[in-house]
1. Would you please name the residue that is farthest from the chain's Cα centre (by Cα), looking only at residues in segment 194-228 that are surrounded by fewer than 18 Cβ atoms within 10 Å (Cβ to Cβ) and part of a loop (DSSP other than H, G, I, E, B)?
2. Being touching a strand residue (DSSP E or B) at 6+ places or on another chain (Cβ under 9 Å), within 30 Å of His35 (Cα to Cα) and free of Cβ contacts under 8 Å to residues at least 60 places away in the same chain is the requirement here; does Thr208 meet it?
3. Are there any pairs, at least 6 apart or on different chains, whose C-beta atoms fall under 7 Å, with the first in segment 69-81 and of a type in the set (Lys, Arg) and the second outside any loop (DSSP other than H, G, I, E, B), and if so, which?
4. Is one or more of the residues making up segment 146-155 of a type in the set (Val, Ile, Thr), within 14 Å of the chain's Cα centre (by Cα) and either within 22 Å of Arg50 (Cα to Cα) or crowded, with 20+ Cβ neighbours inside 10 Å (or both)?
5. Any idea which of (1) closer than 29 Å to Leu297 by Cβ; (2) surrounded by fewer than 19 Cβ atoms within 10 Å (Cβ to Cβ) is the one Val184 doesn't satisfy?
6. Only one of Gly67, Gly24, Gly42, Gly17 is of a type in the set (Gly, Ala, Ser), in the same structural domain as Arg144 (by TED's automatic domain parsing) and touching a strand residue (DSSP E or B) at 6+ places or on another chain (Cβ under 7 Å). Can you tell me which?
7. Conditions: (1) closer than 21 Å to Leu168 by Cβ; (2) surrounded by fewer than 21 Cβ atoms within 10 Å (Cβ to Cβ). Met102 meets all but one. Number of the miss?
8. Mind telling me which of the residues Arg173, Arg181 ends up being basic (Lys, Arg), modelled with pLDDT of 90 or more and in a helix (DSSP H, G or I)?
Amino acid sequence: MGDGYAVQAEGLEKRYGEKHALDGFDLAVREGTVHGLLGPNGAGKTTAVRILSTLIRLDGGRATVAGLDVARQPREVRARIGLTGQYAAVDEVLTGRQNLEMFGRLFHLGGKRAKLRAAELLEQFDLTDAADKGVGKYSGGMRRRLDLAASMILAPAVLFLDEPTTGLDPRSRGEVWESVRALVAGGTTVLLTTQYLEEADKLASHITVIDQGRGIADDTPDGLKNLVGGDRIEVVVAERSDIPRVVKVVARVSDGEPEAEEGELRVHAPVVDRVSALTEVARTLQDEGVPVEDIGLRRPSLDDVFLRLTGHRAERTDAEKTEADKGEAGKTEAGKAAPDRTVADKTEKEAAV
């Protein structure tokens, strides 16, 4: 394992009975970058993060974080990392300042140092004006920024963010993104798992795609998009019965087999001459009297990459996201009392999913 990498893993294995949560998983995260770890539900993302953050033991392979072996030097690793999970693990009764001072004392900073560090972090995460308000009055984005601040009490070299913006509205999500960018600009390395492909596209300089416990692709966001070609023509039809006709029309100008998504009444395919392809398809559909809701050109997305690599889309529909966000907002505070960032000595039984 060479220099210049904050996190490296080779051949990671984790088994639960007959199931392989990780099956020879490799990972290399460069220092001072955001590295995205993407995959479908159950692909092994959270298992990998838990192994790398020493919450559970690996069954095979080896891994280092900040140059330290996670299996042989777990305590030393914990002193160099921060961890933030899906839910903000802060006390809503306390103020933002009191939360950070409490975490400082938990990390044995002492009263004076804890107060100084809390003040620094409140300023760093743009929370000074709300420092003495109860966290229960914070917006979702403010809570997550406070959660990030708490994970940075000891200025860790590596920060693990496991789906940090789950349940947040777009504005709050953007606030968290800005905080993450600022951390990386300050030298922190971030390993990010996320269900929002836009998030990985905007934040990560490198992405590893994981499926069924194995890494199946590793590249920059643009490099991954190039796997599915260049520009694509996309037609959204008004009636499901028109999809076969649209597929035939698109096939005449496409540089590959058109793909039909009947659930979204959408047909798309790669094209070489983007302008002439768009013009011809639009004219032909109009001449044949095929009603369409939308037609246009777009660049490949990470969702296209997922479809190509795993056989299904990773990004949920807006309706599914709305329902999930409602579900997250309605959860009780039970289970949030033990802060993820402490990376305490949990047993495998407690940590395993």
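The values are calculated or read from the model by the stated rules, or taken from the named source; none is laboratory data. Keep in mind that what you see is a predicted model, and the values were worked out from it rather than measured. So basically every Cβ, Gly included, is an ideal-geometry build from the backbone, and we count neighbours across all protein chains shown.
1. Checking each candidate, the answer is Gln212.
2. no
3. Listed by first residue and then by second, the contacts come to Arg80/Val65; Arg80/Leu68; Arg80/Val158.
4. no
5. (1)
6. Of Gly67, Gly24, Gly42, Gly17, the one residue that is of a type in the set (Gly, Ala, Ser), in the same structural domain as Arg144 (by TED's automatic domain parsing) and touching a strand residue (DSSP E or B) at 6+ places or on another chain (Cβ under 7 Å) is Gly24.
7. (1)
8. Arg181
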